[in-house]
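The values are calculated or read from the model by the stated rules, or taken from the named source; none is laboratory data. Model, not experiment: these values are computed from the prediction. Please note: Cβ atoms are built from the backbone with ideal geometry, for glycine as well, and neighbour counts cover all protein chains shown.
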Amino acid sequence: MSEVTTRIVVNGIPRELAVPAEELLLDTLRERLGLTGAKRSCDVQVCGTCTVLVDGEPVSSCTFLTCDADDRDVLTIEGFSESAEFAEFERAFTGRAALQCGFCTPGFVLTLKALRDAGELRSREDVIDGLDGNLCRCTGYKAIVEAAEALVGASGGPEVGR
């Protein structure tokens, strides 16, 4: 098993790690760095529970090699939760009961952050399409979509119609 040296910035902190070439980013984050917000669930890119942002783009860390994050920025829910912007997401989700067990919530939040940052949340359809790769088994999706709609309004864009 060959190791590769990977230099990544995780939540604003530069890291240099020697990892097996086939190690997944999810495993590096959870097992090496103790960042457990991204969860393992499907292992095939369909549920969104392992979502993190790499250079601002949502990726499924369960299928993304750590070495592919070399010289890139990785943001996890732990890092995002330390930002002032996170408070808007927290209010939107808790104020609409858009979470129950919380297992999927980090993936939803980071996906919405990426979509909002890219200006891709302009309508209810954008929200629904943008969250297509995220699954929730507890809440259904009505409250999550409503939380996303509130974030569109919080970002200075138009409030999404119902």
Working only within the stretch 18-44, note down all residues that are of a type in the set (A, V, I, L, M, F, W, C), modelled with pLDDT of 95 or more and closer than 20 Å to Gly133 by Cα.
Leu24, Leu25, Leu26, Ala38
Among (1) exposed (fewer than 14 other Cβ atoms within 10 Å of the Cβ); (2) over 18 Å from Cys47 (Cβ atoms); (3) at pLDDT below 90; (4) hydrophobic (A, V, I, L, M, F, W, C), which single condition is Ala97 missing?
(3)
Sort out which residues of the stretch 36-76 are under 9 Å from the mean Cα position of the chain (by Cα), among the hydroxyl-bearing types (Ser, Thr, Tyr) and assigned to a loop (DSSP other than H, G, I, E, B), and write them in order of number.
Thr49, Thr76
Checking the condition over 24 Å from Val44 (Cβ atoms), free of Cβ contacts under 8 Å to residues at least 60 places away in the same chain and within 17 Å of the chain's Cα centre (by Cα), which residue from Glu149, Glu125, Glu85 passes?
Glu85
Quick check on this structure: which one of Phe103, Phe108 is of a type outside the set (Val, Ile, Thr), within 21 Å of Asp43 (Cα to Cα), in a helix (DSSP H, G or I) and not assigned by TED's automatic domain parsing to the domain that holds Glu16?
Phe108
Expected single match for over 17 Å from Arg137 (Cα atoms) and not in a helix (DSSP H, G or I) among Ala114, Ala84 is Ala84
Check the stretch 49-60 and report whether any residue there is surrounded by 19 or more Cβ atoms within 10 Å (Cβ to Cβ), of a type in the set (Gly, Ala, Ser) and touching a Leu at 6+ places or on another chain (Cβ under 6 Å).
no
Take the stretch 1-48 and flag every residue that is of a type in the set (Gly, Ala, Ser) and surrounded by 15 or more Cβ atoms within 10 Å (Cβ to Cβ).
Gly37, Ala38, Ser41, Gly48
Would you say Phe103 is surrounded by fewer than 22 Cβ atoms within 10 Å (Cβ to Cβ), in contact (Cβ under 8 Å) with a residue 40 or more places away in the chain and more than 10 Å from the chain's Cα centre (by Cα)?
yes
Look at Ala97 and say whether it is out of contact with any Ser or Thr (no Cβ under 9 Å at 6 or more places or on another chain), in the same structural domain as Asp132 (by TED's automatic domain parsing) and not polar (S, T, N, Q).
no
Consider Arg15 carefully, then state whether it is charged (D, E, K, R) and closer than 23 Å to Leu135 by Cβ.
no
In this structure, does Leu121 turn out to be assigned to a strand (DSSP E or B) and in contact with a Leu (Cβ under 6 Å, 6 or more places away or on another chain)?
no
